Amino acid sequence: MRRIKLPSSLFKILVEQNTDNFTALQLRDACEQLSPVEASNKSEAYKAVYRQLTKLKRNGVISSSRHQGQVHYVKTDKFKPEIFYCSKLPAHNVEEHLVKKSNIQSELVNKLKEYEVEMLSAIGESDEYKALYSSYPELKAQLEAQYLIARERSSKVLGQITAIKKVIKDLHPT
């Protein structure tokens with residue numbers, strides 16, 4: 001039989017704790033005890049549990065019966081702990097996580113390139129003010145103020161470059 005992936009909370013309840021003969025509400029409440037859900041998200045939690053129950057029923061590992069107006073779920077003979085595995089990122093696909101991480105990294109690399117161009121521009125600007133001062137010492141006051149602004153800007157950009165390089169390194173350790 002094909003292996004079935006379960007969110008970590010359902011895996012713990014159904015496989016590890018071997019819970020049997022339950023309703024969707026009871027299962028939702030048990031999941032909530034493992035990882036508390038805000039009151040506004042209870043209906044979403046119920047829907048998520050119900051989708052998992054539908055999947056398990058479709059795979060034939062649980063069956064349902066109506067008892068006193070409530071639907072009860074019971075494990076079938078096909079329910080074997082070894083056919084289940086726990087998803088490490090609940091409610092997220094590992095592949096989606098890697099794609100997001102890759103997108104973040106490429107955005108950061110693009111931002112880094114922009115800052116490096118800005119840094120070269122600021123350095124070129126400050127170098128030009130120094131050259132102009134050498135050629136026109138009578139403009140010292142005016143050129144010195146512009147030179148200091150350009151140096152300040154290059155220092156700021158250098159800090160931004162350093163921060164982004166550290167984040168990229170943390171995302172992709174060697």
- Message: So the check is Cβ under 9 Å with 6+ separation or different chains; which pairs have a first residue in segment 125-137 that's in contact (Cβ under 8 Å) with a residue 40 or more places away in the chain and a second one that's polar (S, T, N, Q) and assigned to a helix (DSSP H, G or I)?
- Response: none
- For segment 43-78, name all the residues that are in contact with a Lys or Arg (Cβ under 6 Å, 6 or more places away or on another chain) and β-branched (Val, Ile, Thr). Val49, Val61, Ile62
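Matching residues to (1) assigned to a loop (DSSP other than H, G, I, E, B); (2) in the same structural domain as Ile83 (by TED's automatic domain parsing); (3) touching a residue at least 40 places away in the same chain (Cβ under 8 Å); (4) of a type in the set (Phe, Trp, Tyr):
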position	(1), (2), (3), (4)
Leu10	no, yes, yes, no
Asp20	yes, yes, yes, no
Gln26	no, yes, no, no
Asp29	no, yes, no, no
Gln33	no, yes, no, no
Glu44	no, yes, no, no
Ala48	no, yes, yes, no
Thr54	no, yes, no, no
Ser63	no, yes, no, no
- Message: For segment 113-138: of the residues being among the aliphatic types (A, V, I, L, M) and touching a helix residue (DSSP H, G or I) at 6+ places or on another chain (Cβ under 7 Å), which is surrounded by the most Cβ atoms within 10 Å (Cβ to Cβ)?
- Response: Ala122
- Residue selected from segment 136-174 under the condition of a type outside the set (Ser, Thr, Tyr) and part of a loop (DSSP other than H, G, I, E, B), by the criterion nearest to the chain's Cα centre (by Cα): His172
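The values are calculated or read from the model by the stated rules, or taken from the named source; none is laboratory data. Because the structure is a prediction, the values reported are computed rather than measured. Cβ coordinates were reconstructed from backbone atoms using ideal geometry, including for glycine residues, and neighbour counts include every protein chain displayed.
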